[in-house]
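S.K.: Let me begin by handing over the structure; questions about it come next.
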Amino acid sequence: MDQAYELAKARYAAIGVDTDAAIEALLKKPISLHCWQGDDVTGFERTGEALSGGIQATGNYPGKARTFEELTADYDLALSLIPGRHRINLHASYAVTGQETVERDALEGRHFDAWIDYAKKRGLGIDFNPTFFSHPMVKDNLTLSSPDEEVRAYWVRHGIACRRISAYIAEKIGSPVLCDVWIPDGCKHVPADRMGPRLRLKKSLDEIFAEQLPGVIDCVESKVFGIGLEAYTVGSSEFYSAYAMSHSGVTMLLDNGHYHPTEMVSDKIPSLLAFFDKVPLHVTRPVRWDSDHVVLLEDELKEIAAEIVRNDAMDRVLIGLDYFDASINRIAAWVIGTRNMQKALLNALLQPWDALRALQDQADFTRLMMRTEELKTYPMGAVWEEACRRAGVPAGESWFARVEEYEKDVLRKRG
Ligand code: RNT
Ligand code: ZN
């Protein structure tokens, strides 16, 4: 066994932390890798519609995936460089329909058979998202809250179709599928009516969630604002938390790019865990706005991981990633962000939480601060490298050589 790991193991053992158990817990925890990092949220529909809904992928790095084959080849490389067994997170706009053009309100489970096959062969779980953006039926920036009944009904049908697709996938892969409803609906200018759209959204959600579907974990995702939709967001945090609280079977997803900059999602996790069985996350990195930068190993990420680990919620908090950086190698973006999420989890798994909690309860905040700060320079890196070795993936920066080679041989040859 590696010497650095042996030393680290002894160091942690001295404070009552079992590094082998931490590695085991880390490698058991799946992260849901979002397919949309692979192609800047473009999807396979080829309608020529630009990315809309107040979200934006910026950059023009060569080699983005254009087809199911390219996207899954890229996914394979990314997954081979990340320790553990994970999940893939799909959007409805990534249906594989061959030559056929299928309207979003007519999508069916079979349009995702190729993905199911892909996931099954690799032992991956699947999560799903209806796509309420980048589409001509988004009228005046509205979908489920539209006053135009034709528009609203179209998107209700899409929501229903996507829940059924989620149930179909869950049955085929034999494990639950998270189905996340996020809509862009909002206004650039000060609205004259904030209530009407919310009541229409409530009605639409009731219609979408009416059917009991086994295997589907339903959730709603709030947001504070989007680009071009600065004045008003229909699906606000209060709206969706009240909705989820009052509708059994619907939970609330927290995206850490969707709040005011001084508001921390880490703090919201235990609040929701006090009421909900499952708390899904979209982990991202907002820079000045919901910019969806690649996740780095920063303090807030470590705090998010701490709330998951110390509340014994590894099975209750469903971790998904949600960023899309088109300015760097997209496979590297997946690998860096996912490994960082895992490093944050490992860091949390290596803290002596019982002892620290006791210090808080004794109001010994001097010692708590001292210990917390000393723990920050413990040899976590050696444990991380051991976890990678045990999972059979490159430990240090050597993984990047594989991405560079693939960029040269494959990505640079894409048109
Ligand atoms: C947008 C939301 C949403 C999307 C994905 C593509 O602000 O975060 O989750 O990023 O559905
Ligand atoms: Zn999100």
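The values are calculated or read from the model by the stated rules, or taken from the named source; none is laboratory data. The structure presented is a predicted model; accordingly, all values stated were derived computationally and were not measured. Don't worry about glycine lacking a Cβ; one is built from the backbone with ideal geometry, like all the others, and counts go over all protein chains shown.
S.K.: Check Thr72, Thr131 and return the single one that is at pLDDT 95 or above and part of a loop (DSSP other than H, G, I, E, B). It would help to see each step written out before you state the result.
M.R.: Values: Thr72 fails: part of a loop (DSSP other than H, G, I, E, B).
None of the other options fit; the residue is Thr131.
S.K.: Kindly indicate which of Arg316, Arg389, Arg330 is at pLDDT 95 or above, more than 30 Å from Ala401 (Cα to Cα) and surrounded by 14 or more Cβ atoms within 10 Å (Cβ to Cβ).
M.R.: Working: Arg389 fails: more than 30 Å from Ala401 (Cα to Cα); Arg330 fails: more than 30 Å from Ala401 (Cα to Cα).
Just one listed residue meets the conditions, Arg316.
S.K.: Can you pull out the residues in the stretch 19-50 that are surrounded by fewer than 20 Cβ atoms within 10 Å (Cβ to Cβ), within 16 Å of ligand 1 (Cβ to nearest atom) and either modelled with pLDDT of 95 or more or charged (D, E, K, R) (or both)?
M.R.: Phe44, Glu45, Glu49, listed by residue number.
S.K.: So, one more: Among Pro197, Pro184, Pro147, Pro191, which is the only one that is within 26 Å of Pro136 (Cβ to Cβ) and within 16 Å of ligand 2 (Cβ to nearest atom)?
M.R.: From the options Pro197, Pro184, Pro147, Pro191, the qualifying one is Pro184.
S.K.: In addition: When the stretch 210-231 is examined, which residues are found to be surrounded by fewer than 22 Cβ atoms within 10 Å (Cβ to Cβ) and away from ligand 2 (no atom under 16 Å from the Cβ)?
M.R.: Ala210, Glu211, Gln212, Leu213, Pro214, Gly215, Gly228, Glu230, Ala231
S.K.: Go through the stretch 356-406 and report how many residues are in a helix (DSSP H, G or I) and among the polar types (S, T, N, Q).
M.R.: 3
S.K.: Kindly provide the set of residues from the stretch 232-288 that are under 23 Å from Asp312 (Cβ atoms), in a helix (DSSP H, G or I), more than 16 Å from ligand 2 (Cβ to nearest atom) and not small (Gly, Ala, Ser), ordered by number.
M.R.: Met245, Asp267, Pro270, Leu273
S.K.: Would you mind stating whether Tyr240 is among the aromatic types (Phe, Trp, Tyr) and either touching a residue at least 40 places away in the same chain (Cβ under 8 Å) or within 30 Å of Ile331 (Cα to Cα) (or both)?
M.R.: no
S.K.: Considering every residue within the stretch 169-182, establish whether at least one is within 16 Å of ligand 1 (Cβ to nearest atom), buried (at least 23 other Cβ atoms within 10 Å of the Cβ) and part of a loop (DSSP other than H, G, I, E, B).
M.R.: Within the stretch 169-182, one or more residues are within 16 Å of ligand 1 (Cβ to nearest atom), buried (at least 23 other Cβ atoms within 10 Å of the Cβ) and part of a loop (DSSP other than H, G, I, E, B).
S.K.: Let me ask something additional. Is it the case that Val102 is in a helix (DSSP H, G or I) and modelled with pLDDT of 95 or more?
M.R.: no
S.K.: In the stretch 75-99, which residues are part of a helix (DSSP H, G or I), without any contact (Cβ under 8 Å) to a residue 60 or more places away in the chain and more than 25 Å from Glu397 (Cα to Cα)?
M.R.: If the condition is that a residue be part of a helix (DSSP H, G or I), without any contact (Cβ under 8 Å) to a residue 60 or more places away in the chain and more than 25 Å from Glu397 (Cα to Cα), then Ser93, Tyr94 are the ones that fit.
S.K.: Could you identify the single residue in Leu318, Leu346 that is out of contact with any His (no Cβ under 8 Å at 6 or more places or on another chain), assigned to a strand (DSSP E or B) and more than 18 Å from Gly63 (Cα to Cα)?
M.R.: Answer to the check: Leu318.
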